[in-house]
1. How large are Rg and Dmax for region B:54-176 when calculated on the C-alpha trace, in angstrom?
2. Given the rotation relating A and B, tell me which residue in A puts its Cβ closest to the axis and the distance in Å.
3. Using a 10 Å cut-off on Cβ to Cβ distances, tally the other chain neighbours for every residue of A:180-186 and report the average as a whole number.
4. Just need the Rg to Rh number for region A:70-324, please, alpha carbons only, Kirkwood Rh.
5. Compute, for B:Asp200, the solvent-accessible surface of its heavy atoms (probe 1.4 Å) with the complete set of protein chains present, and express it in square angstrom to the nearest 10.
6. Rounded to the nearest angstrom and ordered from largest down, what semi-axes does the equivalent ellipsoid of the protein assembly as shown get from its C-alpha gyration tensor (root of 5λ)?
7. With the alpha-carbon atoms as the only input, what is the per residue convex hull volume for region B:317-419 in Å³?
8. When the Debye formula is applied to the Cα atoms of chain A, each taken as the same point scatterer, what base-10 log of I(q)/I(0) results at q = 0.06, 0.10 Å⁻¹?
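The values are calculated or read from the model by the stated rules, or taken from the named source; none is laboratory data. For clarity, every value in this text was computed on a predicted model and none was experimentally measured. Backbone-built Cβ (ideal geometry, glycine too); neighbour counts: all protein chains shown. When the accessible area is computed, the model is the full protein with side chains, heavy atoms only, and any ligands, DNA or RNA have been set aside. Shrake-Rupley method; radii C 1.70, N 1.55, O 1.52, S 1.80 Å.
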Number of protein chains: 2
Amino acid sequence: MKLLHNSNKAVYERACHVLTGGVSRNTIFRKPHPFYVATSKGSYITDIEGVERIDFANNMASLIHGHSHPAITEAVIDQIKRGTAFTMGTEAEVRFAELMIERSGTFERMRFVNSGTEAVMTMLKTSRVYTKKPKIAKAEGAYHGTYDYAEISQTSNPDNWGSIDKPNTNRVVDGTPQGVLDDVVVYPFNDIERTLNILDEHADDIACVLIDPVPHRIGLFPATEEFIQAIYTWTRKHNALMVFDEVVTYRVNYGGKQDSFSVKPDLTAMGKMIGGGFPIGALAGRSDIMEVLDPRGRILRHPHSGTFSANPVSTTAGRVAMELFDKEAVLTLNALTKTAVDQIEEAMAIADVPLSVTGAGSMFRIHLQPDKPKSYREAYHTKEKKELINELLDYMFLEENIIMINTGACMFATSLTQKEVDRLSEGLLKGFQLIKPKLDRLQINTAEGYF
Amino acid sequence: MKLLHNSNKAVYERACHVLTGGVSRNTIFRKPHPFYVATSKGSYITDIEGVERIDFANNMASLIHGHSHPAITEAVIDQIKRGTAFTMGTEAEVRFAELMIERSGTFERMRFVNSGTEAVMTMLKTSRVYTKKPKIAKAEGAYHGTYDYAEISQTSNPDNWGSIDKPNTNRVVDGTPQGVLDDVVVYPFNDIERTLNILDEHADDIACVLIDPVPHRIGLFPATEEFIQAIYTWTRKHNALMVFDEVVTYRVNYGGKQDSFSVKPDLTAMGKMIGGGFPIGALAGRSDIMEVLDPRGRILRHPHSGTFSANPVSTTAGRVAMELFDKEAVLTLNALTKTAVDQIEEAMAIADVPLSVTGAGSMFRIHLQPDKPKSYREAYHTKEKKELINELLDYMFLEENIIMINTGACMFATSLTQKEVDRLSEGLLKGFQLIKPKLDRLQINTAEGYF
């Protein structure tokens, strides 16, 4: 039996002998070593050395009520005592699907899977079955999980991204087959004219246009109403589907970011917070499209299962979390987030730093540039910017005991209050003052931009 | 608030309004409707109408200790009270990886993911990065989850499977791009000469040969030592990897089915039972290959993360389950399974039915043919066979209150005892007698076989 209570460094050293890079997910990696959680409650996490931090990352936006919410914990423990997985159904999946469909004006039928990656994969496969076409259109820089077709050009950089009129299809993982690149069409987010020109070139082959309506890695700013309308109109004209990745953005409104737009996606992938802290993914949308998954059909067009899909633990936790995240809770959380952004913008003014903030609903991201970015290429982190944001986030984590996401983003939870928001904005003020000298040099060096 | 205690039929009717086909995974679908679990304990499941059944399916082989094992339940509840997911590490992932590597002579480094599908996908992508080659070789009929490249030709049938000398690459999901078909090579399992001929044709392009060492859907019989040796030798010669899908078969020995062979896979995908009843997948293997996933490298060759990957609930449940499934437990469970197979073979003799049983370790499958099948094509279920196996399984489920897997397979758990094994063999005896008249007619009609 190994010692359980140990230093973060010592656990990492053990981890390096058994996990590649010492981590099982790159997200948690940080230099000189990751930190390990002992316990958590609400918005507070205590590591194994006893240091308590305020959590504004919420496991990459997946914990809408923070940690160990008593109602979720109680419901899940009750379910676990009755079993966690069966070769039979449970009412838990039915009740949760009923709730999600009630929340939405768009969802007619659902399917649960185990992760956002699986949800997007199932959505893209479903789009191909329905349209009988092979190609997927996705935005340069957008993250949609690790399915090959969904990840192309997510990490494009100035050396390989090519002309904005026709962004290159770049591998994220070495060795991705050429066939994948040939079946992906990359468009510049929110750029209607260029996007339509690109889509037109592949009109006969595009199964769906995949959209994250507030894409975090692009810059965490929303799709415009005009852009969504343009894609909607184009897809109606060309026997293609408009499909949303709302794995992160479902939190923005009661029925997802899609509530904001006058036209609605044909299919939606979800994940993260709808699992109430447990692994989940979901696909929802028009019943005539979802029908391709129906096992009762004469021919199985899209046989779909999954050992842990719709397991009663994840669906129970998810249902309770979503019941708690009712219309009022959404509005309250969004208002608190707005207050935080206002305070952070004030801190920027006080520190006299050339920064900006973008976001939507209960999410925001700080950018190391004076004007809010409007594209992936504008928001792109050069090596210098990346180092500087890391310096800011290290300061916040190590000195202020505040956890943010490694892009400089925060994903709020209902467990946060004004007290934690004050700590955040005060901590950031000091962080801004700390990086100001380097930031000023950076602005001079990169004033010409990329264009 | 809807009534929770309801009839199975009534819940299914509600489900049909919200879930495609009324189910979230096709596995649980059955006519006239699925059944819904109220509670479970060990090897017994009680549905919402109060009917108790003995579980020999164990959520498609994922529950090695049956339901609600007290030690797993206790450890998981303790973890859930301390939190379920973080943007930080936990010791749970490190301890579990240490245990899995200790069990194995083959594993040097690991990564956890959320499902077997994700584990196989990550393994195939890793193979491509390491070898710099695009193609995947997989066995006709083998199930490896729902990643496109892994599922090709899983459901091939006499109308489309083509010559055994070069099995066709067939879509499982309509609309799978031609590029996927072009990058998959299909081989006939355990057929050394034909397989090597096929592999030779694509030698320059094959990244890995994917093998399930006891493939359930092919017929649940083990790979031969000679076949594994031949693949191993071929892959050494041609800069390719031999990779195992042990999502189901890890249970066969203490360190997986691979313990049985004189040569070992380069990479192994796992899932199901190693999650202790919670969603999990894992990739393990040679450290020089796994290194392509290392976030500390100068270039990220295979950036890999996942919101719920290595979450402390699944890794804690998995660790406790695997600690309990020690060398002695493996042997005891395999011996009980052997007893069950002996008793079932006796029942077949008493009922005078032309059936056979295949399997390995704690798994077996009943075949509606007198000789044990040696290939996917021999074990293939025609429409008539499928109807008859369904009749047998419906009898077992509805009249004998015994749950089996829909292929006619059982996946044992340590919660089973001689008492349940007796119930199984006695129930099957009556089931065999019931289907005997139809079975005798079937044998006459299909005597000529497919070749």
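1. Taking only Cα atoms of region B:54-176, I get Rg and Dmax of 19.3, 57 Å.
2. A:Gly179, 1
3. Values: counts 7, 1, 3, 4, 0, 0, 0.
Mean shielding count: 2.
4. Details: Rg = 18.2 Å, Rh = 18.6 Å.
With Rh from the inverse mean 1/r over Cα pairs, Rg/Rh is 0.98.
5. 80
6. Values: eigenvalues 395, 171, 148 Å².
Semi-axes, largest first: 44, 29, 27 Å.
7. Numbers: hull volume 13.6 nm³, N = 103.
Per residue, the Cα convex hull of region B:317-419 comes to 132 Å³.
8. -0.26, -0.75
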